[in-house]
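Trainee: Below are the structure tokens for one structure; questions will follow.
The values are calculated or read from the model by the stated rules, or taken from the named source; none is laboratory data. If you're wondering where the values come from, they're calculated on a predicted model, not measured in any experiment. Note that each Cβ is placed from the backbone with ideal geometry, even for glycine, and that neighbours are counted across all protein chains shown.
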Amino acid sequence: MGKLRPLTESDLPLLLDWRNDPAINRYMFNQRPIQLAEHIKWFCRAAQDQKYTLLVYENNGAPLGHVNFTEKPDSGIAEWGFYIAPDAPRGTGSGMCTAALRMAFLEIKLRKVSAQVLAYNERSLHLHQKLGFQQEGVLRDHHFDGSHYHSIHCFGLLAHEWQSNSGTQK
């Protein structure tokens, strides 16, 4: 079973490679390639801001994915985002997301985790449903990728729903 740890500056080149890989990048809201200097600037800003939780998922010491939470001030609500290494073994996404939700609800003490998923990202749509998220709406033709409009599915998972689904007690 894998584990989550804080993202460090030394992880950035690997994360950038994953993020810019066409297999991952095609599901990003911002699909333009990111340069290392820009990536480092993002990390330095986000690492200093308490509303961000930046994590790396690893198994047997090998990094396999990235998860981040962005909390809304004084609400107990955070939006999450994640991606796995393009060559990660099957099941990595489920394991990483399960560990991240456990951290979100038991350690960070969030009340709700929300997500926005591009309509054509079928694997992420399925994963959110599998994890117990409820679809809260669809923003129709809401995201323009430079050539086409795409709908965005909005999801939410409340702490008590997660506890019921996972069998976890406080």
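Trainee: When the residues of segment 9-49 are narrowed to those that are of a type in the set (S, T, N, Q) and in contact (Cβ under 8 Å) with a residue 12 or more places away in the chain, which ends up surrounded by the most Cβ atoms within 10 Å (Cβ to Cβ)? Break it down into steps so the answer makes sense when it comes.
Mentor: From segment 9-49, those of a type in the set (S, T, N, Q) are 10, 20, 25, 30-31, 35, 48; that's our starting set.
From the residues that got through so far, the ones that are in contact (Cβ under 8 Å) with a residue 12 or more places away in the chain too are 20, 31.
Numbers: N20: 17, Q31: 13.
Here the residue is N20.
Trainee: Now a separate question. Collect the residues in segment 17-49 that are touching a Leu at 6+ places or on another chain (Cβ under 8 Å) and either at positive phi or of a type outside the set (G, A, S) (or both), keeping them in residue-number order. Write out each step before concluding.
Mentor: As a first pass, look at segment 17-49 and keep what is touching a Leu at 6+ places or on another chain (Cβ under 8 Å): 27, 29, 34, 36, 39-40, 43, 46-47.
Scanning segment 17-49 gives Y27, F29, I34, L36, H39, I40, F43.
Trainee: Can you confirm whether L158 is surrounded by 12 or more Cβ atoms within 10 Å (Cβ to Cβ), closer than 18 Å to I77 by Cβ and in contact (Cβ under 8 Å) with a residue 40 or more places away in the chain?
Mentor: Working: surrounded by 12 or more Cβ atoms within 10 Å (Cβ to Cβ): yes; closer than 18 Å to I77 by Cβ: yes; in contact (Cβ under 8 Å) with a residue 40 or more places away in the chain: yes.
The answer is yes for L158.
Trainee: I would also like to ask the following. If we scan segment 88-105, do we find a residue that is in contact with a Ser or Thr (Cβ under 7 Å, 6 or more places away or on another chain) and either buried (at least 18 other Cβ atoms within 10 Å of the Cβ) or assigned to a strand (DSSP E or B) (or both)?
Mentor: Checked against the condition, which is being in contact with a Ser or Thr (Cβ under 7 Å, 6 or more places away or on another chain) and either buried (at least 18 other Cβ atoms within 10 Å of the Cβ) or assigned to a strand (DSSP E or B) (or both), segment 88-105 yields no hits at all.
Trainee: Quick one: which of L110, L158, L125 is within 19 Å of the chain's Cα centre (by Cα) and under 22 Å from N30 (Cβ atoms)? Can you show your working first?
Mentor: Values: L110 fails: under 22 Å from N30 (Cβ atoms); L158 fails: under 22 Å from N30 (Cβ atoms).
Sole residue among the options that is within 19 Å of the chain's Cα centre (by Cα) and under 22 Å from N30 (Cβ atoms): L125.
Trainee: Here's a follow-up. Exactly one of (1) more than 23 Å from I108 (Cβ to Cβ); (2) at pLDDT 95 or above is unmet by R32. Its number?
Mentor: Just one mismatch for R32, condition (2).
Trainee: Could you check segment 109-127 and list, in sequence order, the residues that are crowded, with 19+ Cβ neighbours inside 10 Å and in contact (Cβ under 8 Å) with a residue 60 or more places away in the chain?
Mentor: If the condition is that a residue be crowded, with 19+ Cβ neighbours inside 10 Å and in contact (Cβ under 8 Å) with a residue 60 or more places away in the chain, then L118, S124 are the ones that fit.
Trainee: Could you give every pair whose Cβ atoms fall below 9 Å, whose first residue belongs to segment 128-153 and is modelled with pLDDT of 95 or more and of a type in the set (G, A, S), and whose second residue is surrounded by 14 or more Cβ atoms within 10 Å (Cβ to Cβ) and not in a strand (DSSP E or B), counting only separations of at least 6 or pairs across chains?
Mentor: What qualifies is G132/L101; G132/E161; G132/W162; G132/N165; G132/S166; S151/A119.
Trainee: If you don't mind, another one. Taking the options Y149, Y83, Y57, name whichever one is surrounded by fewer than 13 Cβ atoms within 10 Å (Cβ to Cβ) and either of a type in the set (G, A, S) or touching a strand residue (DSSP E or B) at 6+ places or on another chain (Cβ under 9 Å) (or both).
Mentor: Details: Y83 fails: surrounded by fewer than 13 Cβ atoms within 10 Å (Cβ to Cβ); Y57 fails: surrounded by fewer than 13 Cβ atoms within 10 Å (Cβ to Cβ).
Unique residue meeting the criteria: Y149.
Trainee: Name every residue in segment 128-146 that is aromatic (F, W, Y), surrounded by 13 or more Cβ atoms within 10 Å (Cβ to Cβ) and either assigned to a strand (DSSP E or B) or touching a His at 6+ places or on another chain (Cβ under 6 Å) (or both), in order of residue number. Full working, then the answer.
Mentor: Step one: filter segment 128-146 for residues aromatic (F, W, Y), giving 133, 144.
Next, only the ones that are surrounded by 13 or more Cβ atoms within 10 Å (Cβ to Cβ) stay: 133.
Matches in segment 128-146: none.
Trainee: Among residues belonging to segment 60-80 that are aliphatic (A, V, I, L, M) and in contact (Cβ under 8 Å) with a residue 24 or more places away in the chain, point out the one that is surrounded by the fewest Cβ atoms within 10 Å (Cβ to Cβ). Steps first, answer last, please.
Mentor: Taking segment 60-80 as the starting set, the residues that turn out to be aliphatic (A, V, I, L, M) are 62, 64, 67, 77-78.
This time we only want the ones that are in contact (Cβ under 8 Å) with a residue 24 or more places away in the chain, so: 64, 67, 77-78.
Working: L64: 20, V67: 23, I77: 17, A78: 21.
Restricting to residues being aliphatic (A, V, I, L, M) and in contact (Cβ under 8 Å) with a residue 24 or more places away in the chain, the top hit is I77.
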